[in-house]
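Trainee: Below is a structure I'd like to ask you about.
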Amino acid sequence: MIARILGATAIGESELKAERQRRKHQELAAAGKSAGGGRPFGYEPDRRTLRPAEVELVREAARRVLEGEAMRSVCRDWNDRGIPTVSGATDWAPQVLRRLLVSARISGRREYSYANGKRLDIGKITSESAEWPGIISADDSDHLRHLLAGNRRKGQVREYLLTGGVARCGRCGQALQAHPRSLTQKDLGAGLTEGRKEMACVKRGKNDPHCGRLGIYAKPVEELVAKVIFGAVAKGALARALKPGDNRVALKELVEVQTKQSELAEMWAAGDIDVAEWKRARGGLKDREDRAQGQIENQRQPRALDGIPEVLEKAWPSLPLHRRRAIVDVLIEAVDIAPATPRSQRNAVESSTLIDLSRVSIRWKT
């Protein structure tokens, strides 16, 4: 009996201590103060003074990711340049860079990363002004947090212009995937020295909606798409696509939702509603908030399109892939690839091309 009493007392004291610590951390977060810890990248060990060399690197990474470059590409570049992490090792990984870029700290703000005893993937902003200076603007930080929220695959490097949802299978409508083709004896005999880039409808399981029955060489399709884009841009398609949209309705919706969230929190704190009612109401408000933020983000011009040359055809070969992909994404809804037929194969042979380009159909956004 005494042992059980002592055990219950110890458990109770542990729970009270944990609750006091949580409250203290919440108090510090609301006040924009640091809760201690190791040295953050971009700051000195005091967690307040900026480290100039790392500040420029944080801004560089934010700019490159906002332009559409993959985090894995940035990490590979930094590792090649010998840029050390906080621990001193040159082992940057996408998940490490992601934690850095979604942190509210780099915008001079404070966040709290726990809710209901669980750690949040991205913390909630608790103070718009912290006791340390920001490295990037709050607007850029919000854009990064929205861009990388719940997306741990953002680090994937794409080497094809039309994979990732643009090129579509003409049989099942699913997105084509990168599927490099190795050299065969016939290719070697023809004098080829490297494998061919191919896009294919790849079926990876019984329940996979991909049909797995279509493939096409990527290079001629990419060249065709680039050619028609040059013509469209010359006629003003890019300028029309980048015309600012009216997001006043979405902003009004976002303000209304945030107001209701505050009212809901006050009702729960006052005991007017229980936890179950709070969760039901919060779920609906969270959906509305996500939709409004998504509309605002969709109307934001991609950074990769800043400073696009007027004569796109001449600049195209020198543009990084992520900038070319940004142009494709803003202009083209999809590139549909029809299945090969005996006739299309004869047309390809007669025209001395790898594929019959009549198989390619472009759906435009503008």
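Trainee: What are the pairs with Cβ atoms under 8 angstrom where one residue, in the range 322-335, is over 17 Å from Lys227 (Cβ atoms) and open to solvent by 10 Å² or more (accessible area, probe 1.4 Å) and the other, located anywhere, is part of a helix (DSSP H, G or I) and not polar (S, T, N, Q)? Sequence gap at least six, or different chains.
Mentor: His322/Ala304; Arg323/Ala304; Arg323/Leu305; Ala326/Ala304; Ala326/Leu305; Val330/Leu238; Val330/Ala241; Val330/Leu305
Trainee: I've got another one for you. Starting from the range 149-170, take each residue that is closer than 20 Å to Val102 by Cβ and open to solvent by 50 Å² or more (accessible area, probe 1.4 Å) and list its partners that are at pLDDT 75 or above and part of a loop (DSSP other than H, G, I, E, B), counting only C-beta distances under 6 angstrom and pairs at least six apart or across chains.
Mentor: Gln156/Ala70
Trainee: Quick one: Arg22 ticks every box in (1) open to solvent by 30 Å² or more (accessible area, probe 1.4 Å); (2) within 30 Å of Tyr160 (Cα to Cα); (3) in contact (Cβ under 8 Å) with a residue 60 or more places away in the chain; (4) part of a helix (DSSP H, G or I) except a single one, so which number is it?
Mentor: (2)
Trainee: Continuing with the same structure: Applying the selection to the range 73-100, what residues are outside any helix (DSSP H, G or I) and polar (S, T, N, Q)?
Mentor: Passing the criteria: Thr85, Ser87, Thr90.
Trainee: Give the number of residues within the range 72-97 that are open to solvent by 30 Å² or more (accessible area, probe 1.4 Å) and not β-branched (Val, Ile, Thr).
Mentor: Matching residues across the range 72-97 total 13.
Trainee: Restricting to the range 101-123, give me the number of residues that are open to solvent by 20 Å² or more (accessible area, probe 1.4 Å) and assigned to a helix (DSSP H, G or I).
Mentor: Number of matching residues: 1.
Trainee: I want to confirm something. Restricting to the range 323-354 and keeping residues that are in a loop (DSSP other than H, G, I, E, B) and either within 19 Å of Leu312 (Cα to Cα) or at pLDDT 80 or above (or both), which single residue is nearest to the chain's Cα centre (by Cα)?
Mentor: Looking at the filtered set, the residue picked out is Ala338.
Trainee: Another question, then. For residues that are free of Cβ contacts under 8 Å to residues at least 60 places away in the same chain and open to solvent by less than 50 Å² (accessible area, probe 1.4 Å), scanning just the range 45-60, find the one that is farthest from the chain's Cα centre (by Cα).
Mentor: Among them, the one singled out is Glu54.
Trainee: Right, here's the next one. Every residue in the range 124-140 that is in contact (Cβ under 8 Å) with a residue 60 or more places away in the chain and assigned to a helix (DSSP H, G or I), please.
Mentor: Asp140
The values are calculated or read from the model by the stated rules, or taken from the named source; none is laboratory data. None of these values were measured; they are calculated from a predicted model. No Cβ is skipped: glycine too gets one built from the backbone with ideal geometry, and neighbour counts run over all protein chains shown. For accessibility, only protein heavy atoms count, side chains too; no ligands or nucleic acids. Shrake-Rupley method; radii C 1.70, N 1.55, O 1.52, S 1.80 Å.
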